[in-house]
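In what follows, a single structure is set out as structure tokens and then discussed.
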Amino acid sequence: MVKTVMESSTAQPQNRIRTLSHELATRQALPVAQLKKAIKQSQGNCQLFLHWLLDQPQLDKLVLAEALANVYQLPVVDLKAIHLPENPEQLVALSLIKKHRLLPVKAHSNVLTVVASNPDQDTAFQELRFHTNRAVNVIVAAHDQLNTILDRMVRQQDFSAIGKQASHTDAAQQQLANDQQFNPDDDRPIVGLVNKLLNDAVQSNTSDIHLEPFEKQCRIRFRNDGVLHMVGQIPAHAASRIAARIKVMARMDVAERRLPQDGRLRLQYKRNEVVEFRVSSVPTIWGEKLVLRLLQIDHAALEVDRLGLEAAQKQHLLTALRKSQGMILVTGPTGSGKSSTLYAALKHINDDLRNIATAEDPVELPMPGINQVQVNTQQGLNFSTAMRAFLRQDPDVLMVGEIRDQETAEIAVKAAQTGHLVLSTLHTNSAIESLTRLQSMGVKGFNLANSISLVIAQRLLRKLCSNCKQAATFTEQDLAQEGLAQLGDEQATLYKANGCHECHAGYKGRIGIYEVVPISTTLSRHIMADQGMTTFEQSVEASGVTTLRQSALLKVRAGLTSLEEANRLT
């Protein structure tokens, strides 16, 4: 365990401020002129000066913690590098932890050890002494690291408290079929827990909520910027009641627990804001697993200029969209932003001169001026059926949400050959793989070569948080090894993730990276001859197409993301 000392320091507040300022200046953490101005504005108040420091996005919070430890003669710890207790609230009441933002890590004999990002809290330490009847040792930690741990712990306790309350309350069961309004303050246990989940998801820009029942606990995870993270656990016996509540809200069959189901929530979040969730349930050995996808597409971001395409890539897309016929395929794994790309393309060509029809599963974004059809396989309305119906209604542009089978593929290809512009998606890992995938579905090479005009492969990279990103140093050998030197400008400033209260682990938002492959005459001949993926790849490489990896590195060089994130996805 980390060694600790008593938190007392005999220095006067004004001397502490000056000493801390000198420490930070020595470490080149902030400009001297900026520090002097802050000292003058704080007027000798340590709290004001510390709050100002914490608000500086360019200041590394771990460096600040080290400087504070020197000034207050305290040890410092990197919370990512030590083992933390599973139940710190057993050492100190949760109310005190939340009030003073302190993390108790050890109680031995008559000494309590706590971690703090602000060691100048004599009143808080005295209150801990009074309530625990122990002396208090303080360790200094980075503000952002401590906040992340405390927020997760408090959320976990909130979920556990509501779950325990729900397990002993019959009133909640009687209310499951009521209240479609979104009220985060509802105090009924199950209703309150579900509302809190939805509220937290919307506020934190979560894309998916995962409710996963196991033998003893039901795990709750959120997906933020494409990455899942734990937000809490609730008792297993409350999981079925939570699932029932959500299924009622999504107009699903509550009694059916043996088969997968799909539903949809539409809730009033604020006075003028409606949020929608797509709900999916799957039976597991411990109960129903539910995943709720937040259907929140940013209308303002649905512009071709804002997708993140490089200049040449955007030009290829616009050229393909101007054609009266042909097929544009967008490919990538689930959650790679394919729908946003298609919607942006449709929005770009949507006008009174075109008849545009789409078949989607589900319709994620209603768009004025476009005839959108919700696929319903249970009623016999699938993609191929919808496409056949569209072709009898004088269409100019067709969009099919996904090509899943040979029948849909052949109808889409024939439509693209007979005077229609067709847009669709496939689930493959690269642009070239989409061609071989269609061939494996039974589409002849001749038909492919004469119908497809453009293939786009894409991923979504997490963007660095502009509030806390830090410059990173790499040697020329590192740059060459990663492929950055090939892009030129080896002196470009690269950044790494840091983490603050405004982001998730140093990232906030996402941006697309793309591999845009126009079907050239040479590639078309290879497709007609069914020469295979290796030949296709060689032809694309020879044409100078920007690969997904190169696209990611361009975002790194532009300071939009980190090299670690680029390596994670490419």
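Taking the stated definitions as given, is Val254 among the aliphatic types (A, V, I, L, M), open to solvent by 30 Å² or more (accessible area, probe 1.4 Å) and either more than 20 Å from Asn199 (Cα to Cα) or touching a residue at least 40 places away in the same chain (Cβ under 8 Å) (or both)?
So Val254 fits the description; yes.
So, of the residues in the stretch 231-266 that are at pLDDT below 85 and part of a strand (DSSP E or B), which turns out to be farthest from Asp151 (Cα to Cα)?
Checking each candidate, the answer is Arg266.
Go over the candidates Arg525, Arg549 one by one and state the one that is within 27 Å of Lys323 (Cα to Cα), part of a helix (DSSP H, G or I) and either touching a helix residue (DSSP H, G or I) at 6+ places or on another chain (Cβ under 9 Å) or open to solvent by less than 40 Å² (accessible area, probe 1.4 Å) (or both).
Arg525
Could you grab me the full set of residues in the stretch 334-349 that are open to solvent by 50 Å² or more (accessible area, probe 1.4 Å) and either touching a Lys or Arg at 6+ places or on another chain (Cβ under 6 Å) or part of a loop (DSSP other than H, G, I, E, B) (or both)?
Scanning the stretch 334-349 gives a single hit, Thr334.
Look at the stretch 38-86 and say how many of its residues are open to solvent by 70 Å² or more (accessible area, probe 1.4 Å) and within 29 Å of the chain's Cα centre (by Cα).
Counting residues in the stretch 38-86 that are open to solvent by 70 Å² or more (accessible area, probe 1.4 Å) and within 29 Å of the chain's Cα centre (by Cα) gives 7.
I'd like the full set of residues that are within 21 Å of Cys468 (Cβ to Cβ) and either at pLDDT 80 or above or out of contact with any helix residue (DSSP H, G or I) (no Cβ under 8 Å at 6 or more places or on another chain) (or both), limited to the stretch 39-55.
If the condition is that a residue be within 21 Å of Cys468 (Cβ to Cβ) and either at pLDDT 80 or above or out of contact with any helix residue (DSSP H, G or I) (no Cβ under 8 Å at 6 or more places or on another chain) (or both), then Phe49, Leu50, His51, Trp52, Leu53, Asp55 are the ones that fit.
Please tell me if Leu461 is touching an Asp or Glu at 6+ places or on another chain (Cβ under 6 Å), in contact (Cβ under 8 Å) with a residue 12 or more places away in the chain, surrounded by 19 or more Cβ atoms within 10 Å (Cβ to Cβ) and part of a strand (DSSP E or B).
yes
Is there a residue being more than 25 Å from Gly335 (Cβ to Cβ) and modelled with pLDDT under 65 anywhere in the stretch 193-214?
No.
I'm trying to understand the selection: among the residues of the stretch 115-128, which are out of contact with any helix residue (DSSP H, G or I) (no Cβ under 7 Å at 6 or more places or on another chain) and open to solvent by less than 10 Å² (accessible area, probe 1.4 Å)?
The answer is Ala116, Phe125.
Tell me which residues, restricted to the stretch 552-567, are open to solvent by 20 Å² or more (accessible area, probe 1.4 Å) and among the hydrophobic types (A, V, I, L, M, F, W, C).
Passing the criteria: Leu554, Ala558, Leu560.
Return the residues of the stretch 83-133 that are in a loop (DSSP other than H, G, I, E, B) and in contact with a strand residue (DSSP E or B) (Cβ under 8 Å, 6 or more places away or on another chain); say none if nothing qualifies.
Leu84, Pro85, Leu91, Val92, Arg101, Leu102, Asn110, Ser117, Pro119
Just one of Arg221, Arg278, Arg264 is closer than 28 Å to Gly332 by Cα, under 19 Å from the mean Cα position of the chain (by Cα) and open to solvent by 60 Å² or more (accessible area, probe 1.4 Å); which is it?
Arg278
Between a first residue in the stretch 226-250 that is open to solvent by less than 20 Å² (accessible area, probe 1.4 Å) and a second residue that is hydroxyl-bearing (Ser, Thr, Tyr) and not in a helix (DSSP H, G or I), which pairs have beta carbons less than 8 Å apart while being 6 or more apart in sequence or on different chains?
Here the result reads Ala243/Ser281; Lys247/Ser281, each pair linking the stretch 226-250 to a residue that is hydroxyl-bearing (Ser, Thr, Tyr) and not in a helix (DSSP H, G or I).
Pull out all pairs, ordered by first then second residue, where Cβ-Cβ is under 6 Å, the residues are six or more apart or on different chains, the first lies in the stretch 56-80 and is in contact (Cβ under 8 Å) with a residue 12 or more places away in the chain and of a type in the set (D, E, K, R), and the second is part of a loop (DSSP other than H, G, I, E, B) and open to solvent by less than 40 Å² (accessible area, probe 1.4 Å).
Lys61/Ala142
Could you grab the pairs with beta carbons closer than 8 Å, sequence gap of 6+ or different chains, first residue in the stretch 280-296 and in contact (Cβ under 8 Å) with a residue 24 or more places away in the chain, second one part of a loop (DSSP other than H, G, I, E, B) and among the aromatic types (Phe, Trp, Tyr)?
Close Cβ pairs satisfying both conditions: Trp286/Phe214.
Within the stretch 129-153, which residues are under 21 Å from the mean Cα position of the chain (by Cα), open to solvent by 10 Å² or more (accessible area, probe 1.4 Å) and free of Cβ contacts under 8 Å to residues at least 60 places away in the same chain?
Listed by number, the list holds a single entry, Asp151.
The values are calculated or read from the model by the stated rules, or taken from the named source; none is laboratory data. Please read all numbers here as calculations on a predicted model, not as lab measurements. Here the Cβ is made from the backbone with ideal geometry for all residues, glycine too, and neighbour counts use every protein chain on show. Ligands, DNA and RNA are stripped out before the accessible areas are found, and what is left, the full protein with its side chains, is counted by its heavy atoms. Shrake-Rupley method; radii C 1.70, N 1.55, O 1.52, S 1.80 Å.
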